[in-house]
Each structure stands twice: as C-alpha cells, then as structure tokens.
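**Q** Have a look at this one before I ask anything.
The values are calculated or read from the model by the stated rules, or taken from the named source; none is laboratory data. The structure displayed is predicted, hence computed values, not measured ones. Using ideal geometry, Cβ is built from the backbone for each residue, glycine included, and neighbour counts are taken over all protein chains shown.
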Amino acid sequence: MSQQQKQQYSLNKLEKRIRRQVGQAINDFAMIEEGDRIMVCLSGGKDSYTMLSVLRYLQQVAPVSFKIIAVNLDQKQPGFPEHILPQYLQEAGVDYRIIEEDTYAIVKEKIPEGKTTCSLCSRLRRGILYRTAKELGATKIALGHHRDDMLETLFLNMFHGGSLKSMPPKLVSDNGEHVVIRPLAYVKEKDIQVYADAQKYPIIPCNLCGSQKNLQRQSIKDMLRQWDQQFPGRIESMFTAMQNVVPSHLTDNKLFDFAGVKQTGTPMIDGDTAFDQQVITGNVFQKEDNDIDMSINVVNIGKS
C-alpha cells in the first residue's frame, strides 16, 4: 500500500468514527426529530465546518427527514474575509444566511483594553442567533462545541465558578424559545483538527477571541492537553465520569436526601463499597480500530 493510500485509509477511518460519534450523540440525547429545521451556526472555524459536513451526510442516511440552513454572523471584525463563507457554501450547495451586525465595535467600546471580551461577545452573538432562528423558523440551533469544550467548561466552573456543571449536549435557550444542540459532544478536538486539515476547510480566525492572551479557558486547555499526553486514557475516563454522576456520593443536599439516610440492616450497593477500586467495564479504552466497521445507518436518530 502506497503512502497516499495509507493516508486515505486513515482519513476514511477517521471520518467514519466522527460520523458514528455524532450519530450516537444525536441518538442518545434525541437531538434531531422528524421534520426539524436545523440552524447550523457556522463560524468559519474547524468545529463548525466539521459539524456541517457530518449533518449533511446524516441528511442522506438518517431514518428521519430534516432540513439544514447554515448561518454565519458577520461581526464586522477588521479584515474579516466576508467572501469566503458565501463562496464555500454556494459551491457546496448549502442553503445559508449571512447576518451582518457590528458587535465588534460594541465589544471594543464596552470592554476595557486588556480585559477578556468573551462574555459580552457571547451574549451579543447569542441574542442575534436566537432572533435569527425565530425569523427562519428553525426548530433546533446546532453549535459546534466538542467533547474537549465540555470538559474545559467543567473544570472552568469547578476552578473559578464553584459549581459542578458543563456544557450540556442539549438545552433550552435562555429565552425559552429554542432548543440548542451540540452534535459534536462525543468528538475529540484533535480528531476534528486532523479531519479539518485533511478537508482543507477555508478557516477564518477570530480576531476577538484568538488575539487574547492568558485566558482561563486556554490554561485549562493546556492542562488537559498535558494530561492527555502524560496519562493516556485519562481524558476519556473524565468524560465518561460526566455520564456517571452519583449524587449520593457528592455533597449537594438538593440532589440527594442526606437527612433521610438511615441504617437499613441490609447490604447497600451504593454504600461505602463505592470507595473500593472500580473496574472499568465499558468501552472507554476500546481501540479506535473497532470504529471502522461501525455504520451510521443503524443509528435511530431522534427516535424515542
């Protein structure tokens, strides 16, 4: 097998894995239902390009019918190459809208020099996207956050927010009018990076977020990247932990009735044996080679 054939084989394998993981997330959280009109938020970054690509594939093979409309918010950042996304989407045959709002000027006016712009920028962008979704009659809003984003948010909230929460794969919007989904919830960022590089997507950098130094999220990202290199499997185990929450072994008395805990006289499965060494029986450390024969056709997307 030639080097080129090996590279194509690896890319095909990666593509199948990403498609399978997206299909599984959609199925696990009932993200997409029959007749949905999904507004895919396209920033011009690797994540949203990959999300759009996989959702378009799923349109062809999924057991439910749904529509896609790509939406980009042109925030009028200086030097923004406004021709790139329309050209890409037209050539790909994707229905799209470009929304022009000068949020860049507002952020620069309101946020002092040296302070992070993410909070205000996110609020402004979110409001515009919600309004656009309503105008377009979208039933779902798809965002390109991936597995690593969710883990980073978990640690950000623990370290700086004093709460145990992350980005949910599916939620109701702030105004209660929309359902927001994150189809890449199970996908690794490094897989997305390799895939996006291979696809040669026309990446558009963000001059607001990307130009900021010493962001807390970047610090968390660096920590997780170091752990991933130093302790293979740790990231997978942490993400699995987010899906195996045991309120009786935390300290939130709003989630568990600690006051009502009494002796029963019978053995308890979730008693102090929970502190014994756990044996991982799932597929957390399953070889990725097993992904190659998995078919997205068997995933019942959105089926209850």
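**Q** Would you say Ile99 is over 22 Å from Leu143 (Cα atoms), of a type in the set (A, V, I, L, M, F, W, C) and at pLDDT below 95?
**A** No; evaluated as a whole, the condition is false for this residue.
**Q** Exactly one condition in (1) over 24 Å from Ile38 (Cα atoms); (2) in contact (Cβ under 8 Å) with a residue 60 or more places away in the chain; (3) among the aromatic types (Phe, Trp, Tyr) is false for Tyr201; which is it?
**A** Against the list (1) over 24 Å from Ile38 (Cα atoms); (2) in contact (Cβ under 8 Å) with a residue 60 or more places away in the chain; (3) among the aromatic types (Phe, Trp, Tyr), Tyr201 comes up short only on (1).
**Q** Now a separate question. Hey, can you tell me all the residues within region 43-82 that are under 30 Å from Tyr104 (Cβ atoms) and free of Cβ contacts under 8 Å to residues at least 60 places away in the same chain?
**A** Scanning region 43-82 gives Leu52, Arg56, Ile68, Ala70, Asn72, Leu73, Asp74, Lys76, Glu82.
**Q** When you check Gly79 against the structure, is it at pLDDT below 95, touching a helix residue (DSSP H, G or I) at 6+ places or on another chain (Cβ under 7 Å), on the phi > 0 side of the Ramachandran plot and not in a strand (DSSP E or B), yes or no?
**A** On the way: at pLDDT below 95: yes; touching a helix residue (DSSP H, G or I) at 6+ places or on another chain (Cβ under 7 Å): no; on the phi > 0 side of the Ramachandran plot: yes; not in a strand (DSSP E or B): yes.
Spelling it out, it is not the case that Gly79 is at pLDDT below 95, touching a helix residue (DSSP H, G or I) at 6+ places or on another chain (Cβ under 7 Å), on the phi > 0 side of the Ramachandran plot and not in a strand (DSSP E or B).
**Q** Within region 241-254, is even one residue in contact (Cβ under 8 Å) with a residue 40 or more places away in the chain, within 20 Å of the chain's Cα centre (by Cα) and surrounded by 10 or more Cβ atoms within 10 Å (Cβ to Cβ)?
**A** yes
**Q** Would region 205-221 turn up any residue that is within 30 Å of Ile32 (Cβ to Cβ), over 19 Å from the mean Cα position of the chain (by Cα), modelled with pLDDT under 95 and not hydrophobic (A, V, I, L, M, F, W, C)?
**A** no
**Q** Just to be sure before I move on: is Glu33 assigned to a loop (DSSP other than H, G, I, E, B) and touching a residue at least 12 places away in the same chain (Cβ under 8 Å) in the structure I sent?
**A** yes
**Q** Moving on. State which residue is modelled with the lowest pLDDT when the search covers only region 105-117 and only residues that are touching a helix residue (DSSP H, G or I) at 6+ places or on another chain (Cβ under 8 Å) and outside any loop (DSSP other than H, G, I, E, B).
**A** Lys110
**Q** Another question, then. Step by step: first the residues of region 132-172, then only those that are basic (Lys, Arg) and in a strand (DSSP E or B), then the one that is surrounded by the most Cβ atoms within 10 Å (Cβ to Cβ). Which residue is that?
**A** Taking the candidates together, the pick is Lys140.
**Q** Related question: Would you point out the residue of region 1-55, among those that are closer than 22 Å to Met242 by Cα and acidic (Asp, Glu), that is surrounded by the fewest Cβ atoms within 10 Å (Cβ to Cβ)?
**A** Only one residue fits best here, namely Asp28.
**Q** Could we say that Tyr201 is over 17 Å from the mean Cα position of the chain (by Cα), modelled with pLDDT of 95 or more and either outside any loop (DSSP other than H, G, I, E, B) or surrounded by 13 or more Cβ atoms within 10 Å (Cβ to Cβ) (or both) here?
**A** When the stated conditions are applied, Tyr201 passes them.
**Q** Let me ask you something else. Applying the selection to region 62-76, what residues are under 29 Å from Gln24 (Cα atoms), out of contact with any strand residue (DSSP E or B) (no Cβ under 8 Å at 6 or more places or on another chain) and either surrounded by 14 or more Cβ atoms within 10 Å (Cβ to Cβ) or at pLDDT below 95 (or both)?
**A** Result: Ala62, Pro63, Val64.
**Q** Let me ask something else about it. If only one of Leu89, Leu129 is buried (at least 18 other Cβ atoms within 10 Å of the Cβ), at pLDDT 95 or above and in a helix (DSSP H, G or I), which one is it? Please lay out each step first, then the result.
**A** Details: Leu129 fails: at pLDDT 95 or above.
When all the criteria are applied, what remains is Leu89.
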